[in-house]
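The values are calculated or read from the model by the stated rules, or taken from the named source; none is laboratory data. Note that the structure is a prediction, hence the values are computed from the model and not measured. Note that each Cβ is placed from the backbone with ideal geometry, even for glycine, and that neighbours are counted across all protein chains shown. Ligands, DNA and RNA are stripped out before the accessible areas are found, and what is left, the full protein with its side chains, is counted by its heavy atoms. Shrake-Rupley method; radii C 1.70, N 1.55, O 1.52, S 1.80 Å.
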Amino acid sequence: KSSVQTIGEEQIQNPYTELLVLKGHQDIVRFLVQIDDCRFASAGDDGIIFLWNAQTGEKLHELHGHTHKITAIAPFSSSDVAEEKTNLIITASADRTVIVWDCTSGRQVQKVSCFHSTVKCLTVLQRLNVWLSGGSDLCVWNQKLDLLCKTSHLSDAGISALVELPKNCVAAAVGKDLIIFRLSASNNGSEGWNILEVKRLVDHQDNISSLVSVNDLTFVTGSHIGELIVWDALDWTKQASECNFWDSSVHPDVQPEIKLSQSPHETSVQHLTSDEECVFAAVGKGIYVYNLQMKRVIACQRTAHDSSVLHIEKLPNRQLISCSEDGSVRIWELREKQQLPAEPVPTGFFNMWGFGRTNKQANQAAKKVQENTPVYFLELVGDLIGHSSAVQMFLYFGELGLATCSADHLIILWKDGERESSLRSLTLFKKLAQNGDLQLKL
């Protein structure tokens, strides 16, 4: 029997009781990106990009230009002095091309086909008005997709993730390594740029699978074997680290056997997100809440789903949303537990209450901290059933609802049923009032 929590039909705290199914894609939909307050783009393995209205579900544009699956997508706002603000998106594909699209007209602005390998990630440095593309090289582009500079060939594995750091720096995940690059403008006054590797961090024991910026001071990485490292974003030193994704009571001598016998999916950090106070980690089938100040996990749901959790986000309230390979989307609430004096403290994942081996004095200090700090738990408050296959990711649009994409080729817009019902009633009332005015005039 599955150990995953279940929830009945009475889901008082789940507002998403109405759904719109958006069809168009012919293959797995892997990416959703927000363009503005009410528009988003979707892309996936069919190589087509769709632009949608998040309020109505209307298909606004269908963008054709790639011949293979989309591997990365990023939104970008251009605002030249002479022009009005233009919303653009940039897409990379396994066909080794990158295309810039105008979101208003749906037309192709620029296309580049000079890549030696697939671009796996894209990031926009809005402040510097440049794009970065990561594959076997790291390339810097201007808005017109002129190549400003690039690194030499990094590795066969290539760059799997990029994150912007302060002082014109970026962190790139290249296999197990984390490479810090610095961008600098050329001194000769031209638009030229230089990109320089300034540091290589080799602390991870396995490939880096997730990378997230917390704030201007901190960023976090996660690996396939469940390591989580908190980094200083200014001097790139390690602030904290956790690597114990299995039972902490296991003797270190037999740890390699434990690793080998476990499925890599059970400990892989699939996705990380942060609200500056905590890091929320999707690890295997579970969700873990790591408090950055306390440097420990304050809540976890070890089996949040039946299969791997692929994406997780913290909402502006105390709720979290997660989606999984099992096709489910779930809403969680972070709540404080009423702790009894005799309640045992959980141990295990992330070395949950400390780092590594500690001496007796440190243990006593940790015990004191545990007694004085609140304990939290994640409670399941909503279950969104609609997709028939793995839900890849989602976008939260506030009162407009939630958009999810899946391997079932569908996008679903989840709406607040009560809100939508009242909006329809209001629209109907206005129409009746207008008709009444017309009859009076006649």
### Task
Scan the strands (runs of 3 or more DSSP E) fully inside region 243-353 and keep the ones with 3 or more residues being of a type in the set (A, V, I, L, M, F, W, C) and modelled with pLDDT of 85 or more.
278-283, 296-301, 309-314, 319-324, 329-337
### Subset of region 199-235 [more than 18 Å from the chain's Cα centre (by Cα), within 17 Å of LEU292 (Cβ to Cβ), open to solvent by 10 Å² or more (accessible area, probe 1.4 Å) and among the hydrophobic types (A, V, I, L, M, F, W, C)]
LEU217, LEU234
### Task
Could you tell me which residue of region 22-32 is surrounded by the fewest Cβ atoms within 10 Å (Cβ to Cβ), considering only residues that are farther than 11 Å from ILE70 by Cβ and out of contact with any Leu (no Cβ under 6 Å at 6 or more places or on another chain)?
LYS23
### Query
Within region 293-306, is there a residue that is in contact with a helix residue (DSSP H, G or I) (Cβ under 7 Å, 6 or more places away or on another chain), on the phi > 0 side of the Ramachandran plot and buried (at least 19 other Cβ atoms within 10 Å of the Cβ)?
no
### Query
For region 43-75, how many residues meet the condition of being in a strand (DSSP E or B) and of a type in the set (Gly, Ala, Ser)?
4
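For every residue, the table says whether it meets (1) assigned to a strand (DSSP E or B); (2) under 27 Å from GLY286 (Cβ atoms); (3) in contact with a Leu (Cβ under 9 Å, 6 or more places away or on another chain).
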residue	(1), (2), (3)
ASN194	yes, no, yes
ARG200	yes, no, yes
GLN205	no, yes, no
SER210	yes, yes, yes
ASP216	no, no, yes
PHE219	yes, yes, yes
ILE225	no, yes, no
TRP231	yes, yes, yes
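Condition check ((1) over 15 Å from ASN53 (Cα atoms); (2) open to solvent by less than 40 Å² (accessible area, probe 1.4 Å); (3) in a strand (DSSP E or B); (4) in contact with a Leu (Cβ under 7 Å, 6 or more places away or on another chain)) across all residues:
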{"position": "TYR376", "(1), (2), (3), (4)": "yes, no, yes, yes"}
{"position": "GLY382", "(1), (2), (3), (4)": "yes, yes, yes, no"}
{"position": "LEU395", "(1), (2), (3), (4)": "no, yes, yes, yes"}
{"position": "GLU399", "(1), (2), (3), (4)": "no, no, no, no"}
### Query
Considering only residues of region 140-195 that are among the aromatic types (Phe, Trp, Tyr) and open to solvent by less than 20 Å² (accessible area, probe 1.4 Å), which is modelled with the highest pLDDT?
PHE181
### Query
Can you name the strands (runs of 3 or more DSSP E) wholly within region 107-152 that have at least 1 residues being of a type in the set (D, E, K, R)?
108-112, 147-150
### Task
Could you grab the pairs with beta carbons closer than 6 Å, sequence gap of 6+ or different chains, first residue in region 4-20 and open to solvent by less than 50 Å² (accessible area, probe 1.4 Å), second one aromatic (Phe, Trp, Tyr) and modelled with pLDDT of 85 or more?
TYR16/TRP414
### Query
Does LYS120 satisfy the condition of being touching a His at 6+ places or on another chain (Cβ under 6 Å) and modelled with pLDDT of 90 or more?
no
### Task
Can you work out which of the residues in region 377-418 that are of a type in the set (Gly, Ala, Ser) and farther than 23 Å from GLY44 by Cα is nearest to the chain's Cα centre (by Cα)?
GLY398
